[in-house]
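S.K.: First, the structure itself, so that you have it in front of you.
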Amino acid sequence: MHSLPSQIVPNQPPTALAPMQDVTMRDFLHLVAKCGAPDYFFTEYYRVHGQSKIDENVRQSIVENETGRPIFAQIIGEDIEGMRRAARELLKLPVAGIDLNLGCPAPKVFKKNVGGGLLRDPAKIDELLAALRDETAGAVLSVKMRYGFVDDRYFDRFLEMIDRHGVDLVSLHARTVLQLYRGKPDYSYVARAVRALKCPVLANGDLSSCDKAVEVLAQTGARGAMIGRPAVRNPWIFHQCREKFGGEKVFVPKLADVRKYVDDLWVVTGGDGLADRFHLPRMKKLLNFVGLGVDAKGGFLREMRLTKTGAELFAVCDKYMVDGGNAEKSFAPDALPNLVARPNHED
Ligand SMILES: Cc1cc2nc3c(=O)[nH]c(=O)nc-3n(C[C@H](O)[C@H](O)[C@H](O)COP(=O)(O)O)c2cc1C
């Protein structure tokens, strides 16, 4: 078994920013690192076909990684020779390891029998793991998965295979593929994976605050925490986790800090050069998550979604994050109850 890269604070549970398509690209990773990096980053997935070449965004995230933290390259596919080749090419770049996606629930993906779709086909996963383990013999091989496609019928088989092939790390999103991103995660599957596997397990799915991360790690015995959407809402979450794990006072950002984060997101999603009609959908996708911590009545989310220009968008941000004394208000450490981030904005 290969050991994982060392953590920022030794002996603390490692944290990771979950891979997110069209989000976890170079500039966003740098922005999160500025707020307090996780121990590990993952690229968004790179779709491997017979003849595919490394996706340019993925390559950039790896070779221009200035976060100071290691990055795993995620691949998705089922073509054995293509996956071998992709792993081989990625290992020539400065990656922390190769991560196999066994969880993507987008119908256009799983219908091709890749990502979450593979969870219906244990024999194919066995074959893929054997090939990837062979190809990554000197490197870290990790798997990011859900506990099943429709239910847990193959879960124990997956765990047996993962162990047999000597996978070095598993990140488990505690939902089925058909649950998409909704419904409560069932962390008992994380606990089962922890009991069954020799390798470390990262718990994933709705670890919405540092308190929640501590709770789920205690409940499951997972080695660490992988966090996705909550880190888009609150990019300070990894810093807060480290403080919480270390028994220190946890930093609480003000809404003024969030307003600055919005400016940074504007740059990350295209800067001033990009026309509003392309820029606003990208911003709104991310602000849907940020808005879960801004005001309890959801006024920010409602008004932000109706904006038609960058100027209107910033005016709404100023109204809720700066004006009338809002700048000094605390940014909620967890998502506020009864607000939803429009699941159709999640891939
Ligand atoms: C917009 C978006 C894109 C995603 N893209 C990927 C991806 O490329 N690879 C992957 O393994 N998971 C992907 N996921 C799933 C996340 O990595 C994570 O497992 C999921 O969001 C649950 O964790 P969270 O509650 O902390 O967000 C994506 C999720 C979202 C919301």
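The values are calculated or read from the model by the stated rules, or taken from the named source; none is laboratory data. This structure is a prediction, so every number in the text was calculated from the model and none was measured. Glycine gets a Cβ as well: all are built from the backbone with ideal geometry, and neighbour counts include every protein chain shown.
S.K.: What is the residue count in segment 223-234 for residues that are within 13 Å of the ligand (Cβ to nearest atom) and assigned to a loop (DSSP other than H, G, I, E, B)?
M.R.: 2
Table: residues versus (1) assigned to a loop (DSSP other than H, G, I, E, B); (2) within 14 Å of the chain's Cα centre (by Cα).
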position	(1), (2)
M20	yes, yes
V23	yes, yes
T43	no, yes
N65	yes, no
I98	no, no
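S.K.: I'd like the full set of residues that are in contact with a Ser or Thr (Cβ under 7 Å, 6 or more places away or on another chain) and under 18 Å from A231 (Cβ atoms), limited to segment 289-346.
M.R.: P333, D334, A335
S.K.: Considering only residues of segment 291-339 that are β-branched (V, I, T) and out of contact with any Leu (no Cβ under 6 Å at 6 or more places or on another chain), which is farthest from V250 (Cα to Cα)?
M.R.: Top of the filtered list is T309.
S.K.: Can you tell which of E127, E89 is more than 16 Å from the chain's Cα centre (by Cα), closer than 20 Å to I54 by Cβ and acidic (D, E)?
M.R.: That would be E89, the only listed residue that is more than 16 Å from the chain's Cα centre (by Cα), closer than 20 Å to I54 by Cβ and acidic (D, E).
S.K.: Would you be able to tell me the number of residues in segment 167-206 that are among the β-branched types (V, I, T) and touching an Asp or Glu at 6+ places or on another chain (Cβ under 9 Å)?
M.R.: Matching residues across segment 167-206 total 1.
S.K.: Looking only at segment 88-100, filter to residues that are of a type outside the set (D, E, K, R) and away from the ligand (no atom under 16 Å from the Cβ); which one of those is surrounded by the fewest Cβ atoms within 10 Å (Cβ to Cβ)?
M.R.: P94
S.K.: Can you say whether G293 is surrounded by 15 or more Cβ atoms within 10 Å (Cβ to Cβ) and either basic (K, R) or assigned by TED's automatic domain parsing to the domain that holds A341 (or both), as far as the supplied structure shows?
M.R.: Yes; evaluated as a whole, the condition is true for this residue.
S.K.: Is it fair to say K244 is charged (D, E, K, R), over 18 Å from the mean Cα position of the chain (by Cα), crowded, with 17+ Cβ neighbours inside 10 Å and under 30 Å from V170 (Cβ atoms)?
M.R.: yes
S.K.: Further question on the same structure: Please go through segment 237-247 and give me each residue that is more than 15 Å from the ligand (Cβ to nearest atom) and either closer than 25 Å to N288 by Cα or of a type in the set (G, A, S) (or both), ordered by number.
M.R.: H239, G246, G247
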